[in-house]
Amino acid sequence: MRALLRKIRRTGRVAEPAPTREGGGDAVLHGSVQVRHVDAGSCNGCEVEIGSAFGPVYDGERYGARLVASPRHADVLLVTGPVTRNMAEPLRKAYDATPAPKRVVAVGDCAHDCGVFAGGYGVEGAVGDVIPVDVVVRGCPPEPPQIIEALRGLTGR
């Protein structure tokens, strides 16, 4: 415990930078992908649909997409909602912690263009204003088959 506290005082951080993977930043993802969901400030409508997409009816895992708990284990960031002022920096950190090659999927109209929250005081902007976006899934909220189709496009299945 003392060694950890010394490291934090000395370096100002607990974890080391994200590891690099074979293939570099522009390599194509093949087979299965590990997905980290980030709620950047949504109304939770998209989260319900993501839960359904990975539930027993639509079963996103059969196409090789699996939810993981850490961006360090992820290949894909699945981002929902407009990016609020409080979530802009954590979203950037999650993006930086994801090893290359990485992809970002903006789920829902709010993630694409802030939707009904556009111009709100607490809204920093759309996901594409904060981090680069590779795939957009439109809808308010998008249905589970649309989310699955976007992930299938990344896995090639």
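Numerical summary
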| read-out | value |
| --- | --- |
| Some residue of the range 67-83 being among the acidic types (D, E) and more than 13 Å from the chain's Cα centre (by Cα) | no |
| In the range 80-117, residue farthest from C46 (Cα to Cα) [restricted to those that are among the aliphatic types (A, V, I, L, M) and touching a Gly at 6+ places or on another chain (Cβ under 9 Å)] | A100 |
| In the range 58-98, the residues that are under 26 Å from R157 (Cα atoms) and polar (S, T, N, Q) | S70, T80, T98 |
| Residue match in the range 57-77 (condition: at pLDDT below 95, touching a Gly at 6+ places or on another chain (Cβ under 9 Å), assigned to a loop (DSSP other than H, G, I, E, B) and not small (G, A, S)) | no |
| Condition check for L77: touching a His at 6+ places or on another chain (Cβ under 9 Å) and surrounded by fewer than 21 Cβ atoms within 10 Å (Cβ to Cβ) | no |
| Whichever residue in the range 42-56 is of a type outside the set (G, A, S) and in a loop (DSSP other than H, G, I, E, B) and, among such residues, is surrounded by the fewest Cβ atoms within 10 Å (Cβ to Cβ) | P56 |
| Test: residue in the range 104-124 that is over 24 Å from N86 (Cβ atoms) and in contact with a strand residue (DSSP E or B) (Cβ under 7 Å, 6 or more places away or on another chain) | no |
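The values are calculated or read from the model by the stated rules, or taken from the named source; none is laboratory data. Computed from a predicted structure; not experimentally measured. Cβ atoms come from the backbone with ideal geometry, glycine included; neighbour counts cover every protein chain shown.
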